[in-house]
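Following: one structure in structure tokens, then a few remarks.
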Amino acid sequence: MLHETNFKGKLLVAKPHAMRDPYFQKSVVYVYEQQQDVVIGLILNKHTNMTIADINKLRGVGANSGVNAPLYRGGPVSEQSLLLLHTTDWSSTNTVMATHGNAVSSDELMLEKIVNNNLPKCWRLMSGMSTWTLQQLQEEVYRRKSWLVVEPNEDIFYGHDGEAQWKASVDLASQRMMETYF
């Protein structure tokens with residue numbers, strides 16, 4: 001059986017009734033980077049209990065500054081790190097171009113821009129990221145069968161949220177599978 005070796009640009013969609021890790025149940029992870037043996041992604045559809053106003057308060061910036069939106073849980077690795085997944089119409093000093101019209105920024109300037117309502121068309125601020133070794137992810141996908149691997153469409157990134165985003169991603173995986181047969 002041929003196994004995927006390049007997950008960059010793909011969605012990892014937690015399989016219904018197969019994902020045993022409670023952290024990732026009903027998750028949609030966008031793999032935005034893969035370098036040799038390391039795969040890096042962001043969970044798209046899980047909120048933390050914090051908002052951007054809470055982040056601003058912690059930083060000593062007025063709570064009424066900028067926009068107020070949920071802070072998303074990007075993953076269990078480096079949870080103190082803030083990453084901004086956004087459309088490519090905007091950039092900051094540390095912006096990495098990803099795929100499907102997305103980029104990821106992670107620097108102090110991006111937070112200043114948010115406070116000043118200098119925003120990309122679509123975006124989500126994330127706390128932490130999700131990482132795997134290539135072998136570990138292949139094990140989860142092909143042996144444990146915990147993830148569906150899906151080529152995303154543009155709407156899936158910002159057009160849904162929460163469990164609705166997971167359900168839309170499962171539907172997209174079903175649609176992509178049917179397209180390969182018909």
Identity of the residue in region 166-182, touching a residue at least 12 places away in the same chain (Cβ under 8 Å) and under 18 Å from the mean Cα position of the chain (by Cα), that ends up nearest to Ser27 (Cα to Cα): Trp166
Test result for Leu125, open to solvent by less than 50 Å² (accessible area, probe 1.4 Å) and either under 21 Å from Gln36 (Cα atoms) or touching a Phe, Trp or Tyr at 6+ places or on another chain (Cβ under 6 Å) (or both): no
Odd one out for Ile114 among (1) in contact (Cβ under 8 Å) with a residue 60 or more places away in the chain; (2) in contact with a Lys or Arg (Cβ under 8 Å, 6 or more places away or on another chain); (3) open to solvent by less than 20 Å² (accessible area, probe 1.4 Å): (2)
Test: residue in region 118-131 that is aromatic (Phe, Trp, Tyr) and without any contact (Cβ under 8 Å) to a residue 40 or more places away in the chain: yes
Of all residues in region 146-161 being part of a helix (DSSP H, G or I) and open to solvent by less than 40 Å² (accessible area, probe 1.4 Å), the one that is farthest from Ile40 (Cα to Cα): Ile156
Pairs where the first residue, in region 138-165, is under 22 Å from Gln36 (Cβ atoms) and the second is among the polar types (S, T, N, Q), C-beta under 6 Å, 6+ apart: Glu140/Ser146
Filtered residues of region 79-90 (kept if more than 18 Å from Val28 (Cβ to Cβ) and open to solvent by less than 60 Å² (accessible area, probe 1.4 Å)): Ser81, Leu82, Trp90
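The values are calculated or read from the model by the stated rules, or taken from the named source; none is laboratory data. Not measured: the values here are computed from a predicted model. Note that each Cβ is placed from the backbone with ideal geometry, even for glycine, and that neighbours are counted across all protein chains shown. Each accessible area value is taken on the protein alone, full model and side chains, heavy atoms only, with ligands, DNA and RNA left out. Shrake-Rupley method; radii C 1.70, N 1.55, O 1.52, S 1.80 Å.
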